[in-house]
Amino acid sequence: MAKEDKIVFCTGGGCTAKLGAGVLSHILEKLPRGEKDPDLLVGYDSRDDAAVYRITDDIALVQTVDFFPPMVDDPYTFGQIAAANALSDVYAMGGEVKTALNLVCFPESMDLNILGEILRGGAEKVAEAGGILAGGHSIADTGVKYGLSVTGLADPRRLTANDTGKPGDKLILTKALGVGLICTANRVGEAAPGAMDAAVASMTTLNKSAAEISRSYDVHAATDVTGFSFLGHLHEMMGGRLSCRIDGSAVPVLPGAWQAADDCLYTAAGQRNRNHTGPFVRFENVPFAMQEILFDPQTSGGLLLAVAPEEAESLRDELQKAGLPAQIVGEITEKRDAEIVVSYPE
């Protein structure tokens, strides 16, 4: 790619561009829903990662869509990240990717070579996922946005919804946190050496391997950690009926994220996450920088798995052998006064 083939770095790119958690809730509640269909196993009212529709006793469709503005200057890398992020929802539901459709917003005045590189990056990730890129839709816009509509297949009896965890389950996080903070630091030229490379490597890594490995274990619930942050997606996993304890020191963090938080290089989305999820969280001796990392919006983040306690260490070890920075970060409990308690060693 020519050196000049770059896209303008977006101040609200990636999953930081999402509307804040809860913004659409009151609107969605008023939408007509039609007659209840017993084959719609997961719909938009569950706050889950994708919709799931049962076709037969053995086959269910998993459908999802995700797109956003760029958070990196290189269009090929942006295409990879956006595609990996969209594909992740299928993995979180326990499905396999089958087809994908491109979603593109692009200025007609911009160099089409840039668009070609974005689409090339996305197409390569779809192929890596084992899916088929089957078409798409584009519109002329004032800025660049890209993503995918993805269809997968799953066994309806083995779905991993986000709120079906059980007391005693161990929580495993498969990727390190901090990409939002690092991207913000990079945008203003303050990222620690190597931090952006590590963030890009994380964001372009598919959750395919983590999902495939976890299928051999007793995983009761799963979600991917994206724009609503680790704590925001954890709050959704509790579903209003469970609580959990998190060991903040066990949470994997990308190099440079802590420094960015210490330097107050926060995102607006991170502060929206704190405002929305903060009332459900009690921090015990947790440094403020670590709190910001836990509220940091992730783009193409890892899977957060609720797994039977007797299998947690084996699953973590197998994930680590596959090259993933997976860690056991906490435990689900019966519902308590504080939904999420995050502690840190003295």
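The values are calculated or read from the model by the stated rules, or taken from the named source; none is laboratory data. Everything numeric here is computed off the predicted structure, so don't read it as measured data. Positions of Cβ are backbone-derived with ideal geometry, glycine not excepted, and every protein chain shown enters the neighbour counts. Side chains are part of the model used for accessible areas, which takes the heavy atoms of the whole protein and leaves out ligands, DNA and RNA. Shrake-Rupley method; radii C 1.70, N 1.55, O 1.52, S 1.80 Å.
Would you check which residues across the range 187-202 are touching a helix residue (DSSP H, G or I) at 6+ places or on another chain (Cβ under 8 Å) and open to solvent by 50 Å² or more (accessible area, probe 1.4 Å) and list them? Of everything in the range 187-202, just one residue is touching a helix residue (DSSP H, G or I) at 6+ places or on another chain (Cβ under 8 Å) and open to solvent by 50 Å² or more (accessible area, probe 1.4 Å), namely 190. Of everything in the range 73-101 that is over 17 Å from the mean Cα position of the chain (by Cα) and open to solvent by less than 10 Å² (accessible area, probe 1.4 Å), the residue that is farthest from residue 233 (Cα to Cα) is 75.
A search for C-beta distances below 7 Å between a residue of the range 246-265 that is surrounded by fewer than 17 Cβ atoms within 10 Å (Cβ to Cβ) and any residue that is among the aromatic types (Phe, Trp, Tyr), counting only pairs 6+ apart in sequence or on different chains, returns 249/344.
Among the conditions (1) assigned to a loop (DSSP other than H, G, I, E, B); (2) surrounded by 24 or more Cβ atoms within 10 Å (Cβ to Cβ), residue 205 misses just one, which is (2).
Within the range 270-283, one or more residues are farther than 19 Å from residue 195 by Cβ and of a type in the set (Phe, Trp, Tyr).
What pairs can you find where one residue is in the range 273-289 and over 20 Å from residue 249 (Cβ atoms), the other is of a type in the set (Val, Ile, Thr), and their Cβ atoms are less than 7 Å apart, with a gap of 6+ or different chains? Taking only residues 6 or more apart or on different chains, the pairs are 280/340. Would you be able to tell me the number of residues in the range 214-245 that are hydrophobic (A, V, I, L, M, F, W, C) and open to solvent by 20 Å² or more (accessible area, probe 1.4 Å)? Final tally of qualifying residues: 2. Before we move on, is residue 160 within 30 Å of residue 59 (Cβ to Cβ) and surrounded by fewer than 24 Cβ atoms within 10 Å (Cβ to Cβ)? Considered against the rule, which asks whether it is within 30 Å of residue 59 (Cβ to Cβ) and surrounded by fewer than 24 Cβ atoms within 10 Å (Cβ to Cβ), residue 160 comes out as no.
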